[in-house]
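The values are calculated or read from the model by the stated rules, or taken from the named source; none is laboratory data. Note that this is a predicted model, so its numbers are computed, not measured. Positions of Cβ are generated from backbone atoms using ideal geometry, with glycine treated the same way; all protein chains shown enter the neighbour counts.
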Amino acid sequence: MSSPSQRRIIKELQDMSRDTSSGMEASVIDPQNMTHLIGRFKGPPDTPYENGEFAVDIQLPDNYPFSPPKMKFSTKVWHPNISSQTGAICLDTLSAKWTPVLTIKTALLSLQSLLSAPEPSDPQDAEVATMMLSDPEAFKRKAREWAIHYANAPSTAQQSRGPSVEERRQQEKERELQGYDERTVDRFMDMGFSVSDVVVALRRVGVRPGQGRLSEEVAQRVAEKLLGL
Amino acid sequence: MKVKIKSWIAVASWKWDVPEDEVCGICRVQFDGTCPNCRFPGDDCALLVGKCGHSFHMHCLLDWINTESSRGLCPMCRQKFEYVEQ
């Protein structure tokens, strides 16, 4: 016979698997242990977290639902109310404001809206909060970088999967550079030559990959090579 | 033809006077069912109707009210929970 708390957990999991519209998911990790779950949801639109896939570690206490579930992000998140180191969450509905009519689903929904509405005046991570207050643009950039890197968020809002055109172009260029310093090559590309032409010219002149700044004399020879002189 | 009834067995059904599909917000079981700790529905596992309009299995609500963190508030609307005498 399962405990009252287990029966409610089972009901909640059934409700959530039936309801596909909310976008909130939760599943057990080990079927023998109903008190350790993993929750998942997508980062909300119009935020740096957009379309990221965020995972939350959920521990249900023995007297659940009378005590709140213990939740922390297992995906790394750059957000003032979430520890950038441990994923610990500062949210009143998961502590003092918890009541037993709230559920795992409503708690995950609260986390999703926390991503939309960061509250730097009541921080969990002081470093993130300071950055958000002093340099909001840098905060947004870093939050986005983290979402792309850790939460597998698409790197542009339009594209749902894979690297952006810009990123692919950069990757392509890096391949063509064949180890040559990008700044060295850019200087000749600015004259209108392609990456591969510049690399060939550099090699012909005897410049090795990884070599630092070119002397004026060498640069001149490379330019001449490129111009076919 | 004359039919003489010698005996009969009366059967009655009952339900709580609440909307049919409603569940207790605490245990998520139908009001007509019991709280998770009881076996028989009915007067032994009654409902409490709050003045705020929110109802729960009495046992579920008492479990909540007896926790320190409840501060005596309705889990639904966070007003002071006072039940309607019935």
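Which number in (1) in a loop (DSSP other than H, G, I, E, B); (2) of a type outside the set (A, V, I, L, M); (3) away from chain B (no Cβ under 14 Å); (4) closer than 27 Å to B:Ser69 by Cβ marks the one condition that A:Lys72 misses?
(1)
So which residues in the stretch B:12-27 are over 11 Å from the mean Cα position of the chain (by Cα) and surrounded by fewer than 14 Cβ atoms within 10 Å (Cβ to Cβ)?
B:Ala12, B:Ser13, B:Trp14, B:Pro19, B:Glu20, B:Asp21, listed by residue number.
Output the residues belonging to the stretch A:1-38 that are part of a loop (DSSP other than H, G, I, E, B) and either among the β-branched types (Val, Ile, Thr) or within 28 Å of the chain's Cα centre (by Cα) (or both). Please lay out each step first, then the result.
To start, the set of residues in the stretch A:1-38 that are part of a loop (DSSP other than H, G, I, E, B) comprises A:1-3, A:19-24, A:31-32.
Correct list: A:Asp19, A:Thr20, A:Ser21, A:Ser22, A:Gly23, A:Met24.
How many of the residues in the stretch B:41-69 are surrounded by fewer than 17 Cβ atoms within 10 Å (Cβ to Cβ) and either acidic (Asp, Glu) or more than 16 Å from B:Cys27 (Cβ to Cβ) (or both)?
Count: 7.
Looking for whichever is in contact (Cβ under 8 Å) with a residue 60 or more places away in the chain, touching a helix residue (DSSP H, G or I) at 6+ places or on another chain (Cβ under 6 Å) and within 14 Å of chain B (Cβ to nearest Cβ) here; the options are A:Thr103, A:Thr93. Which one fits?
Working: A:Thr93 fails: in contact (Cβ under 8 Å) with a residue 60 or more places away in the chain.
Sole residue among the options that is in contact (Cβ under 8 Å) with a residue 60 or more places away in the chain, touching a helix residue (DSSP H, G or I) at 6+ places or on another chain (Cβ under 6 Å) and within 14 Å of chain B (Cβ to nearest Cβ): A:Thr103.
If I filter the stretch B:54-66 for residues that are in contact (Cβ under 8 Å) with a residue 12 or more places away in the chain, of a type in the set (Phe, Trp, Tyr) and not in a helix (DSSP H, G or I), do I get at least one hit?
Checked the stretch B:54-66: at least one residue is in contact (Cβ under 8 Å) with a residue 12 or more places away in the chain, of a type in the set (Phe, Trp, Tyr) and not in a helix (DSSP H, G or I).
Scanning for something assigned by the TED database to the domain that holds A:Ala107, of a type in the set (Gly, Ala, Ser) and either surrounded by 16 or more Cβ atoms within 10 Å (Cβ to Cβ) or over 24 Å from A:Ser5 (Cβ atoms) (or both), does the stretch A:29-39 turn up at least one residue? Show your work before the answer.
Filtering the stretch A:29-39 for residues assigned by the TED database to the domain that holds A:Ala107 gives A:29-39.
Adding the requirement that they be of a type in the set (Gly, Ala, Ser) leaves A:39.
Then keep just the ones that are either surrounded by 16 or more Cβ atoms within 10 Å (Cβ to Cβ) or over 24 Å from A:Ser5 (Cβ atoms) (or both); that gives A:39.
Scanning the stretch A:29-39, I find at least one residue that is assigned by the TED database to the domain that holds A:Ala107, of a type in the set (Gly, Ala, Ser) and either surrounded by 16 or more Cβ atoms within 10 Å (Cβ to Cβ) or over 24 Å from A:Ser5 (Cβ atoms) (or both), so the answer is yes.
Across the stretch A:78-129, what is the total count of residues that are under 26 Å from B:Asn66 (Cβ atoms), outside any helix (DSSP H, G or I) and not hydrophobic (A, V, I, L, M, F, W, C)?
The total comes to 5.
Hey, can you tell me all the residues within the stretch B:55-71 that are of a type in the set (S, T, N, Q) and more than 11 Å from A:Ser67 (Cα to Cα)? Before the answer, list the steps.
Quick first cut of the stretch B:55-71, residues of a type in the set (S, T, N, Q) only: B:55, B:66-67, B:69-70.
If the condition is that a residue be of a type in the set (S, T, N, Q) and more than 11 Å from A:Ser67 (Cα to Cα), then B:Ser55, B:Asn66 are the ones that fit.
Out of the stretch B:59-86, which residues are touching a Cys at 6+ places or on another chain (Cβ under 6 Å) and more than 10 Å from chain A (Cβ to nearest Cβ)? Before you say what the answer is, go through the steps one by one.
Here is the first cut: in the stretch B:59-86, the residues touching a Cys at 6+ places or on another chain (Cβ under 6 Å) are B:59-60, B:74, B:77, B:79, B:81.
Of everything in the stretch B:59-86, those that are touching a Cys at 6+ places or on another chain (Cβ under 6 Å) and more than 10 Å from chain A (Cβ to nearest Cβ) turn out to be B:Gln79, B:Phe81.
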